[in-house]
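What follows is a set of notes on a single structure, which appears directly below.
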Amino acid sequence: MMIKKVLGIFFFLIAICTNSFALIEIDITEGNREPLPIAITNFFYDDERSKDLDQVSIDISKVISADLERSGLFRSIDQEAFIQKTASMHIRPRHEDWRLINAQALVTGELTIEKDKLRVEFRLWDTFAEKEIEALVLITTIDNWRRISHMIADKIYERLTGEEGYFDTRILYVSESGPKNNRVKKLAIMDQDSFNHRYLTSGKELVLTPRFNPVKQEITYLSYFKNLPRVYLLDIQTGIQEVVGDFPGMTFAPRFSPNGDKIIMSLARDGNSDIYVMDLKSRVVERLTDSPAIDTSPSYSPDGKKITFNSDRGGSQQIYVMDNKGRNQKRISRGTGNYATPVWSPRGDLIAFTKNFQGRYFIGVMRIDGTGERLLTENWYQEAPSWSSNGRVLIFYRETKADDAGKGHSSSLWSIDLTGFNERKIETPEDASDPSWSRLIQ
Amino acid sequence: MRSSILSSILLHIAILMMAIVTLPIFNNPDLEIPPIVQVELIEISEKTNVPKVSKKQDEKKEKKVEEKKVEKINQPVLKPKIEKSNEKVKDPSENEEVVKNKIEQQMFENIPMRKPVIKKKDKFDPLKIAELIDKSKDTKTVEENIDDLEYDALDSTPSLDSKLTLSEEDAIRAQFMQCWSIPLGIPFDDTMIVKIKISLNTDGSLLEPPEVLQHERMNKPSEKYFRTLAESALRAVRRCDPIKAPDINRYESWKKIQLNFDPREILRG
């Protein structure tokens, strides 16, 4: 026993002595925040065996480049600059050639047709470590090449940034047309890059606040039937629509729970809005808040244990957090101005909100305890942020001011990432509002 | 009783080991006082970066250049020294050239080659040191010749003050900062710091592949964020290869460096 102790002391002393000859340490706490240069090549195919793949090969490469560039974290290198152009690079790229044009990563791929199906093989290379770091084979119908491209972009994004991609996703929104006092509002859905656009409703009835189910290809939205608000469920794949219930008085902003089995919303009863939750199986409605003030816009935390909402119980509209049974209600927003539409990040670490201060509207984020408030973008009017599946980008809508003659008003979708620098307009065929971003398509 | 003797012995060994590891007299041959002549050269080099060139020296240089031109035919680098040592022994004359060349060759074979670590651009001729030593008895000659020398690479042994200066550290840091594309998608985590050991050649290029010190975290499936971060740091190291080398006189202090890539403040947001 004694010997062990002595030996312990002995080695401890030796360790201290050797430590005194430690290396020089240099801390690198800042880096280059420029987008990562990446080379995305056209995917190769055998001319004789797989005809008509010419366009698909180019298009896949274009979609991947566009996805990655839109994230603001990558810069796709112009193909004109490529030095190595032979098919052999898919198996053995000359890394020095790619480093020469400053590519830190390289994407190569090969297309083949197997039994009328398209087989897409892709590889991601680290040109400095000179090794393959990701490879994947996807088989699908040729028409589905666009989705395959998004999936590949997700893989690349995930491997190089460390977080899940968000390109194989869809955006649900309210499409608007017509004069301001007689707007036609239709429910519309499209890929996150604005392709594959289609309308889900005809526009006869007013639609509001569409939201995706986090686990299924299903949406919930609010519509008026004979001037009564109704909450609907719609299966996107089958087109089957279901009425969840008629609610007397006003109903606002229905939203799914994280596992998709409940809908949380605010209902106005007897002139007072409170938060209610409905179990979709039993259709039992439970009241969560009971305050004389207006409580609206509830949103679950990703683990389903907490709920954030806004309320004017303190005199002005502020953000509150409570547990999923309505207990421990606590105000978290502390800044000046009015806060609305809180939405919990899928990553769980932040809450996004709309802030109105001195006549300007801001989209911002704060930590779940209300600290670290950051305003990402400011404009005349904008609201309703919705998170990308990885909790890195927010989509919202922005309106432009009409002139005195009532002209010039428009409404469009925009996205901004958490850095606040990468703001982009999202193209839609008509005016757009109230977006909801899906999780990754399963 | 037995255990106390044993513990006493072990503790003594421990103290002895500490002494061996820590005390410079046992451990650090680098700190040995260099020969007197070399110390003098270092001091002068620090004071005078650019040697003064007088008319006399110019003439001398011209003579030397002429002499070298003749010698370069056979032994481009090493002959100057031999030539000069011959000058001391004999007076040069055209008739004795053949004999002289033979003697020179014999002497050349006996001269040990020194290979100090020198940058390519250094014009320093190591043989001039030996030449200087030969003439060291004559103080006047030594002083004159010192002015002729270039000192850039004289110090192949590290001086006592061989630590990297703060500005040199900053210069290295700035280079890696430029090369490092931070993976901004990584969620904040207090353990997100990558330690990489690099070994450098005298020209600042990598001597061996960079090594992530936290090997065990690299291949854990649960540590995919760490792997992404570590890979980005490794890319930065390779992208920066070769770095602009700090003062070669302090090579001992920067030939091995630990780089701590620490994005925590950035990721915290």
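The values are calculated or read from the model by the stated rules, or taken from the named source; none is laboratory data. Please read these numbers as outputs of a predicted model, since none were measured by experiment. Heads up, the Cβs are rebuilt from the backbone with ideal geometry, glycines too, and the neighbour counts pull from every protein chain shown.
Side notes on the structure shown:
- Unique match (being hydroxyl-bearing (Ser, Thr, Tyr), touching a Ser or Thr at 6+ places or on another chain (Cβ under 9 Å) and more than 18 Å from residue A:255 (Cα to Cα)) among A:371, A:419, A:400, A:341: A:400
- Of all residues in segment A:128-155 being farther than 27 Å from residue A:194 by Cα and not hydrophobic (A, V, I, L, M, F, W, C), the one that is surrounded by the fewest Cβ atoms within 10 Å (Cβ to Cβ): A:131
- Residue, nearest to the chain's Cα centre (by Cα), within segment A:163-218, restricted to residues that are small (Gly, Ala, Ser), assigned to a loop (DSSP other than H, G, I, E, B) and closer than 27 Å to residue A:63 by Cβ: A:165
- The set of residues in segment A:79-121 that are closer than 29 Å to residue B:236 by Cα, in contact with a Gly (Cβ under 9 Å, 6 or more places away or on another chain) and outside any helix (DSSP H, G or I) contains only A:121.
- Test: residue in segment A:296-307 that is in a strand (DSSP E or B) and more than 26 Å from the chain's Cα centre (by Cα): no
- Residue in segment A:167-178 that is within 14 Å of chain B (Cβ to nearest Cβ), in contact (Cβ under 8 Å) with a residue 12 or more places away in the chain, within 25 Å of residue A:220 (Cα to Cα) and buried (at least 21 other Cβ atoms within 10 Å of the Cβ) present: yes
- Restricted to segment B:208-269, the set of helices (runs of 4 or more DSSP H) holding at least 1 residues that are closer than 17 Å to residue B:176 by Cα, under 20 Å from the mean Cα position of the chain (by Cα) and within 11 Å of another protein chain (Cβ to nearest Cβ) comprises B:251-254.
- Scanning segment A:109-127 turns up at least one residue that is among the polar types (S, T, N, Q) and out of contact with any Pro (no Cβ under 6 Å at 6 or more places or on another chain).
- Members of segment A:254-280 found to be modelled with pLDDT of 90 or more and part of a loop (DSSP other than H, G, I, E, B), listed by number: A:257, A:258, A:259, A:260, A:261
- Here segment B:171-207 is the region considered, the condition is being more than 9 Å from chain A (Cβ to nearest Cβ), outside any loop (DSSP other than H, G, I, E, B) and not polar (S, T, N, Q), and the residue that is nearest to residue A:163 (Cα to Cα) is B:194.
- Just one residue in the set A:400, A:354 is at pLDDT 90 or above and hydroxyl-bearing (Ser, Thr, Tyr); that residue is A:354.
- If you filter segment A:205-231 down to residues that are within 25 Å of residue A:301 (Cβ to Cβ) and among the aromatic types (Phe, Trp, Tyr), you find that the one that is surrounded by the most Cβ atoms within 10 Å (Cβ to Cβ) is A:212.
- Residue check for residue A:188: modelled with pLDDT of 85 or more, among the aliphatic types (A, V, I, L, M) and touching a His at 6+ places or on another chain (Cβ under 9 Å): yes
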